[in-house]
Structure formats: structure tokens, C-alpha cells
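These notes concern the structure reproduced below.
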Amino acid sequence: MSTAEIILVAVIGVLLVLVIGNIVFSFLAERKNPPIGSFIDCDGVRLHYLERGDPAARCVVLFHGNGTMIQDLIISGLVDRLASRSRVICFDRPGFGYSGRPRARIWTATSQAALFVKALKQLGVRDPVVLGHSWGTLVAAAIGFQNDYPIRGLVLASGYYFPTPRWDFWMLSGPAIPIIGDLVRYTVAPMISWAILPGLIRKLFAPRSVPENFKHGFPASLTLRPKQLRAAAEESAFLIPQAARFQFRYSSIRCPVHIFHGTGDQIIEPEQARRLHRVLGRSDLHLMPDAGHMVTYADSTAIAQAVESLEIAMIK
């Protein structure tokens, strides 16, 4: 056997070990962190969702951001605060947590919104308040664009609404590339992600410190599974094009909107929120001093009050 052949066999062996190791890691991560909600099959997709509060009350629907899952919204305190007087439904968006993400579809915010509208109808949800955080704001906005599914209002937190030059989003989209991305996701990507995750989490919460309940309660190992890395990479690739498509549609939103953004956000600049507020006809802008991208943790009470104000306004 030549030297080149020996090297090739060694490389293949290392890759196989990494693939098997990541499959085992995913299995153990899911065994340690089983589903916490229920499942619904909708339009060929198995969605994982959590429902809290009074089933007879008006409904609030929550969508998490890129790379995370239902647990983020629970740990922030939003779910419990809202469930004290509302019916609350949180979804794992496609590919995150325990929701499926069929590869035959392009999972833009528009396609996700169409899926969730169908799921909400199956669950008997009518005219909800829709709350989205980060990437989830695009899904929430896409629901707001629809004329055949009226909603009471939107609460948008830490969103990216208008295209800007951002190399970092493109850099994070590598694992979404077909074939090559699949190889990366099942070999080195989980290890690289594990190495950068602590710094990324600190940046998400900066300038504030990472809350202790997030450190100990968020199932970070689920975010390192190859299938979730693919979903996160795809959404990084879709973010700027999706914002470019939506930038001329925001003025068509007819329901009231509350916009939240941290003035210290190191992921998405607060100017995004200011621009959206200028475009929308009916919106309230809440810029939260010394809060970062995880504005849902900075003042979950204020966000919950914004949701409640939309409920009260409709009752009147």
C-alpha cells in the first residue's frame, strides 16, 4: 500500500469515527433532553409544540429565533407570565428542537408562516397575538401579511427587518450546502460549534451577563446535533434575502405592532427596529437600555404587558 493510500484510508477512518461519534452524541442529547410538549402532524411535517394556560382564553403564539427552541422562551419567563391569563402556544420551528424539516422544501419565513397558520387552524386557534424573537420575527411578520388569517397584533423582539452588508451570516451558512455541508455537519461542525458556543451565548446576552437559569436550564447539546446545525445554517443563509423580500411589505401590516430591541444588541443593530417603526403605520417602539439581543430576558414583564395591551384593545 502506497503512502497516499495509507493517508486516504486514515482520513476515511477518522471521518467515519467522527460521523459515528456525532450520531451517538445526538442520541444521548435527545435521551437526556426528551420532548417537553406535544406533536401535531401538519402538511407532512411533524411539529413539536407546547401549550400552557387556559384553553378557553385568547391565544398568544410564540416563535423562537435561529438556533434555539421552545426552552428558550420558557426560561425567559415569557411563557409563565403570559399563561397566567392567556392560552399560550410555543412551537419548535422546522428543524429545531423536535420539529421536522423536510429537505424537499425551502424553509423561508413565508413557507414557515403558511405551515404554522395551518397548524394553528388545526389547533382551533383564531385571531391570536403573535410574538417572534430574532429570526422568529420574520415568521411572525409573514403571518401578519396574510389576509386569510387575521391576528390581533404582533410583538417583534430583536428582529432583522432590512438587508444590510453582513458577512457573518454568510459565514455561518456553510453547513447548509448540499453534500459538502452534510459531511461537515456530521464531522467537524459539531465540535467547532461546541467550541464557539460559550462565546456566542455571552455575545447574545451582552452587555448583561448570561442568566444562571439559562446556563443550567437550556439544553445546549440539542443545538449541536447535525440536523439542527443544518436548520440554523439555512436560516443564516436565508436571513438577508428574506429581509430584502419583506422590506417593501411591512406597510401592508394592518394590525397593531409592538417592537422591542435592546440598545446594546451586538447581533442585530437597534437601527433595524427604528426603521421598522418609521415604516409601520401602527406601532410602538420599545428600545430597552443596556439590553442585548436576548431582550426577552431583559424585561419579560414589559413584553408580556405589550401582549396584554393588544388583548385588552381588542376586547374594547
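The values are calculated or read from the model by the stated rules, or taken from the named source; none is laboratory data. Note that the structure is a prediction, hence the values are computed from the model and not measured. So basically every Cβ, Gly included, is an ideal-geometry build from the backbone, and we count neighbours across all protein chains shown. SASA here: full protein model, heavy atoms, side chains in, ligands and nucleic acids out. Shrake-Rupley method; radii C 1.70, N 1.55, O 1.52, S 1.80 Å.
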S2 fails exactly one of (1) free of Cβ contacts under 8 Å to residues at least 60 places away in the same chain; (2) within 30 Å of L172 (Cα to Cα), namely (2)
Residue check for V210: under 23 Å from Y297 (Cβ atoms) and part of a loop (DSSP other than H, G, I, E, B):
yes
Between a residue in the stretch 264-284 that is among the β-branched types (V, I, T) and any residue that is open to solvent by 20 Å² or more (accessible area, probe 1.4 Å), which pairs come within a Cβ distance under 7 Å, given they are 6 or more apart or on different chains?
I267/K203; I267/L204; V279/S251
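Would you mind listing the helices (runs of 4 or more DSSP H) fully within the stretch 108-187 where at least 3 residues are open to solvent by less than 10 Å² (accessible area, probe 1.4 Å), small (G, A, S) and at pLDDT 95 or above?
Working: elements: 109-122, 136-145, 167-171, 180-185.
In the stretch 108-187, 109-122, 136-145 are the helices (runs of 4 or more DSSP H) which contain 3 or more residues that are open to solvent by less than 10 Å² (accessible area, probe 1.4 Å), small (G, A, S) and at pLDDT 95 or above.
Just checking: which of the helices (runs of 4 or more DSSP H) contained wholly in the stretch 252-316 hold 2 or more residues that are within 16 Å of A206 (Cα to Cα)?
Where helices (runs of 4 or more DSSP H) fall fully within the stretch 252-316 and carry at least 2 residues being within 16 Å of A206 (Cα to Cα), they are 295-298.
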When restricted to R230, R278, R274, the only residue closer than 22 Å to Q305 by Cα and not small (G, A, S) is R274
Matching entry among P211, P270, P207, P289 (being touching a helix residue (DSSP H, G or I) at 6+ places or on another chain (Cβ under 8 Å), open to solvent by 10 Å² or more (accessible area, probe 1.4 Å) and over 29 Å from G100 (Cβ atoms)):
P211
Within the stretch 251-262, identify whether any single residue is more than 24 Å from G100 (Cα to Cα), of a type in the set (G, A, S) and touching a strand residue (DSSP E or B) at 6+ places or on another chain (Cβ under 8 Å), and answer yes or no.
yes
Go through the stretch 40-55 and give me each residue that's open to solvent by 70 Å² or more (accessible area, probe 1.4 Å) and either more than 13 Å from F96 (Cα to Cα) or free of Cβ contacts under 8 Å to residues at least 40 places away in the same chain (or both).
D41, D43, G44, E51, R52, D54, P55
Going through (1) within 18 Å of K215 (Cα to Cα); (2) open to solvent by 40 Å² or more (accessible area, probe 1.4 Å); (3) in contact with a Phe, Trp or Tyr (Cβ under 7 Å, 6 or more places away or on another chain) one by one, D72 fails only at (2)
Among the residues of the stretch 220-238, is any farther than 30 Å from R185 by Cβ and either open to solvent by 60 Å² or more (accessible area, probe 1.4 Å) or not polar (S, T, N, Q) (or both)?
no
I'd like to verify a number: residues in the stretch 172-184 that are touching a residue at least 60 places away in the same chain (Cβ under 8 Å) and either of a type outside the set (G, A, S) or touching a strand residue (DSSP E or B) at 6+ places or on another chain (Cβ under 6 Å) (or both), how many?
2
If a residue must be within 12 Å of E311 (Cβ to Cβ) and not in a loop (DSSP other than H, G, I, E, B), how many such residues does the stretch 54-87 contain?
4
Hey, R202 hits all of (1) assigned to a helix (DSSP H, G or I); (2) exposed (fewer than 15 other Cβ atoms within 10 Å of the Cβ); (3) modelled with pLDDT under 95 but one; which does it fall short on?
(3)
